[in-house]
Each structure stands twice: as C-alpha cells, then as structure tokens.
Amino acid sequence: MPSTLTQFSSQIDINYPEVGKDNDTQGFRDNFSSIQSAFLVASEEITDLQSNGVKLTETNDFNYNILRSPILQNVSQVAKNTIVISSTLTGVTYTNVDYSEASYHKFNLVNNTLTNYYTFNVINWPGSDRYAELKLQMSCNNTSTATITFGGTTVLLGNFTATTTVNSTGTVIYELWSSDNGSTVFGQVLRSV
Amino acid sequence: MASTVTEITNQIDVNFPVFGQALSSVQEFQQNFQKIQKGFESLSKEITILQKNAVKLQDINDFGYNVVNKAVLQNHSYSVNTLGLIGNGVIDLDYSLGYYHTCSVNSGYYTFNVTNWPIGNAYSKIRLAVENASTSTTATCYINFSGNISYLNTQTNKITLGTESYSFWDLWSTDNGDSIFIKKLGSTLSTSTISIPGGGGGPSGTPPLITSVYPASASIYEPHAIYVSGTNMTGTNLRVYFNDIQITASFGEVSASSIIFIVSSVNLGPNIVKITTENGESTNIDVTGFDSSGGP
C-alpha cells in the first residue's frame, strides 16, 4: 500500500499569503495543520516499516510467512552446542530436542552401565503443512553401548529399526523430518561408525 | 541509497520572518510552504518504495531470485506440495509450490517430471515422498523420472510398498533442471527392494530403445510402424505413450527382445512416442515427417 501522506501535504496552500492582499491569518493555521497531519501519517508509516521491516543487523522472526524465490548464499543453520547426557542405572533417559532452537543437535552420551537407554523426543515442530528436518549427532564416552529410541511415531528408513545403537568408537548422525507438526516423523541414519 | 528529502527541506528559510524587522514581502512564506510541500512529495515517494520493496516480517516476500547472503536460519521450514492420490502417467512436481512433495499411489506406472526449477546457477533440491495409502494391500509400482537424470546408484524402477508405507527420493539440479541428480533415500518398508533405472539400465534388463520408424506411405498422416529393441518387453509391463498420454497401441511382432507396433494418429506434429518397460523408458522420439528410408 503506497504512502498516503500527500493527502494532507497536497492541502498546503503554497500561494499563501498572497502578495498585495490583506490575508486572513487562518491561512497560516490551515497550512500548519496540514503540515502536522502529513508528518503524523509519515511517522505512522515509518513506524510500521521499522517494526515490520527486516533488519540486517538483528534477529528477524518471520512468524511462518513465506519467503519465495530467494537464492541463498553463505547461509547456515543454527547448531546447538554439544549437550552431555548421562544414562540412568535403571530405566531410560529422556531428552527433549527443541526444533525451534536449532536444526542440528549434538549429544555426548555418558554410559554408566553396560546397557544404556536413551529416548529423544523432538518438540516444537513448525506446524502442519510445513516441512522441517533436523539432524542429531551422537557419540559415546566409553565402551558401553547406547540404545537410541525416538519418541512419538518415528519411522526410520531402510534396514534400521526405530531403535539403533551407538557404540563407543563411533558417531551416529540421524536425519529426522516431518511435514505434519511431528505427528509422523521419518528418519534415516546418515552415518554410523 | 540514502534519503534525499533534506536536499529540499534544507532550503526552508528557518529564520523567516526576522524578529523586529518589517516584512518587505510575503514571498518568503510562499516559498517556504512550497519547499515543505515538495519535501513531503519526496518523502512520500521514498516511503512508497520501501513499502513496496522492503522485506516484511508479516507478509509473503518474493525475492525474485535475488541473493540472501549470510543469513542464519532458526526454526525455519519449507512449503509442502500435497498431491494426494495420483493416477498412472506423468505427474508434474512443481518446484515453485514446495520443497517437499507427497503423493499416494496404487499399483501402477508413474513418471515424475519436475517443473519450474529456479533460474540461473542455483542449487535446488526437492524431496519426494510416495505412499501406499492402502491399509490392506501392497502396491507394486514402477517409478520413473523424466529429464536428463543421473542416479547415484544403479537401480530398477520397480518398488513394492507395503500397506501404509513410504519411499523417499531427493532430486536436485544446479542448472535450471537441464541435468538432474536423484538419490533414493529408502523406504519405511524394511524388506522392500527399492530401485530406479540408471542410464544404462538396471541389473535386471535393458531399457527399451526405438531403433526405426517407418510410415506406411509417404504421407505423414498414415500410420507409422515403430521398431523397438530391449529386454523383458512382453507381458503387461509394456506401455506406449503418445505425446505423454498412454495409448493402446496395435502390436505387430512382439518378442521379449523386440516389438513392432503401429501408431495411427500421426498428424502435423509434434508426434512424440515413448516406450516404458519394467527396465526403464526409451528416449522421446518425434515421428513427424519420417520417410521410409530414414529412421531415428
């Protein structure tokens, strides 16, 4: 929508006061009023641009509005610092993975027993009809085995079942994705050592 | 580019009228009001340009293939193109509609054709999810992709999807779709054998090859005989497409390694013929204008 301040600025009488005429001082007041109204509109429009415009030097929240046809160059995604998780001596260690924080999450698994169970549950998927994917990188600290399970309805592709293991010498990277707010989550194992 | 409003507003005489001095003319008042008005006109134009071209947090923004440099994405997502249940034949996947394309299938033959790849030297990728929506029967499908395709591994195009299971592919291009790379990610059915034809054919046979085309006479409107070689070309897996529409062709000699069939609806053109079998598809051949001494 174009600027509308000229609706008021066009009312300024630029021929006032007239030369050689006894001018009514109301003309000054009318002009000052038009000037003030035009400034008010300009201020509102600039304020809207300031609050609604994207700024190159700040975090911008697009609130799930579409960016159409950009070409991305030198673009990256937020990766979360490595989190250390310890297994329990009995039972399962549950961890929430918040998609809204980052799309790459790293975990060091501290195994305290011979068999260690961890369940990861991704939360805050972007909503239905929005495709999102994230990666989970996991490694262990010792020679015990970590058994990884994903919460909700998570289906891994290929020969991997929903439960995989991470041994002490390697790193496993999972890629998970969903297009229905996490109701169904698909995944694949990108690397397993 | 900085605002130029002040080039005008700086001309406003802010010392007029002078205190204690009799006014010799009212001209200065008029000139100041004129400059104020011109300043507002310039301001209005600049605001309008910003309103039209600036990226806004609350609207859809079309970047027109301009570069966004050094952004760090957080909590981002991509558009989804939901095709629903699709029928046999050629299915367009419109890149501009989404990054993630989903469809449901029954048993049959499907050729996916990606359209509207971004222009210029841009790496562009989509992910395709094919689902057997049936809750009671498996689906045996033949999945092909049209275009100049390079597969990351040699595969055949036959897939078997269990009830409510999915298969996924990644497709990408860097040259507006002139060349397309495809990687099969896998299936949620752990025991399925998922495969796609490679350029030289999969391990189970040779894709069909149109070797000769002969019109019945010199007239382009007469039926054309199409000679095809390949393997595994008998049975129900054979499909003939005329201008991308599957037709019921009249077959002459048919063996496992060669076919002769007749296309009778040749006209001024184009007249694009394509053959598909379980081992892949032939290249498109325009049979318009061939004479009995020539061939593809």
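The values are calculated or read from the model by the stated rules, or taken from the named source; none is laboratory data. All values derive from a computational prediction rather than experimental measurement. Here Cβ is always computed from backbone atoms with ideal geometry, including for glycine, and neighbour counts include all displayed protein chains.
Numerical summary
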| read-out | value |
| --- | --- |
| Cβ pairs under 9 Å, 6+ apart, first in the range A:135-164 and within 11 Å of another protein chain (Cβ to nearest Cβ) and on the phi > 0 side of the Ramachandran plot, second modelled with pLDDT of 75 or more and not in a loop (DSSP other than H, G, I, E, B) | A:Gly158/A:Gln188; A:Gly158/A:Val189; A:Gly158/B:Leu185; A:Gly158/B:Gly186; A:Gly158/B:Ser187 |
| Residue within the range B:126-142 that is under 22 Å from the mean Cα position of the chain (by Cα), of a type outside the set (Gly, Ala, Ser) and more than 14 Å from every other protein chain (Cβ to nearest Cβ) present | yes |
| Of the criteria (1) more than 7 Å from chain A (Cβ to nearest Cβ); (2) over 25 Å from A:Ala102 (Cα atoms), which one B:Asn66 fails | (1) |
| Search result, residues across the range A:19-36 that are more than 7 Å from chain B (Cβ to nearest Cβ) and buried (at least 16 other Cβ atoms within 10 Å of the Cβ) | A:Gly27, A:Ser34 |
| Residue that is surrounded by the most Cβ atoms within 10 Å (Cβ to Cβ) [pool: residues in the range B:108-121 that are in contact (Cβ under 8 Å) with a residue 40 or more places away in the chain and more than 14 Å from the chain's Cα centre (by Cα)] | B:Tyr109 |
| Filter result for the condition that a residue is away from chain A (no Cβ under 11 Å) and of a type in the set (Gly, Ala, Ser), over B:Gly162, B:Gly98 | B:Gly162 |
| Sole exception among (1) within 7 Å of chain B (Cβ to nearest Cβ); (2) in a loop (DSSP other than H, G, I, E, B) for A:Thr57, by number | (1) |
| Qualifying residue in the range B:42-60 (condition: within 23 Å of the chain's Cα centre (by Cα), facing chain A (nearest Cβ under 9 Å) and more than 30 Å from A:Gln11 (Cβ to Cβ)) | yes |
| Unique match (being more than 17 Å from A:Thr6 (Cα to Cα) and surrounded by 15 or more Cβ atoms within 10 Å (Cβ to Cβ)) among B:Glu28, B:Glu7 | B:Glu28 |
| All positions within the range A:112-130 that are crowded, with 20+ Cβ neighbours inside 10 Å and farther than 30 Å from B:Thr82 by Cα | A:Asn116, A:Tyr118 |
| Residue, surrounded by the most Cβ atoms within 10 Å (Cβ to Cβ), within the range A:64-84, restricted to residues that are more than 7 Å from chain B (Cβ to nearest Cβ), assigned to a strand (DSSP E or B) and of a type in the set (Val, Ile, Thr) | A:Ile83 |
| A:Thr149 vs. criteria at pLDDT below 80 and out of contact with any helix residue (DSSP H, G or I) (no Cβ under 9 Å at 6 or more places or on another chain) | no |
| Test set (1) under 30 Å from B:Lys52 (Cα atoms); (2) facing chain B (nearest Cβ under 7 Å) - A:Tyr16 fails condition number | (1) |
| Identity of the residue in the range A:165-182, more than 13 Å from chain B (Cβ to nearest Cβ) and outside any strand (DSSP E or B), that ends up modelled with the highest pLDDT | A:Gly170 |
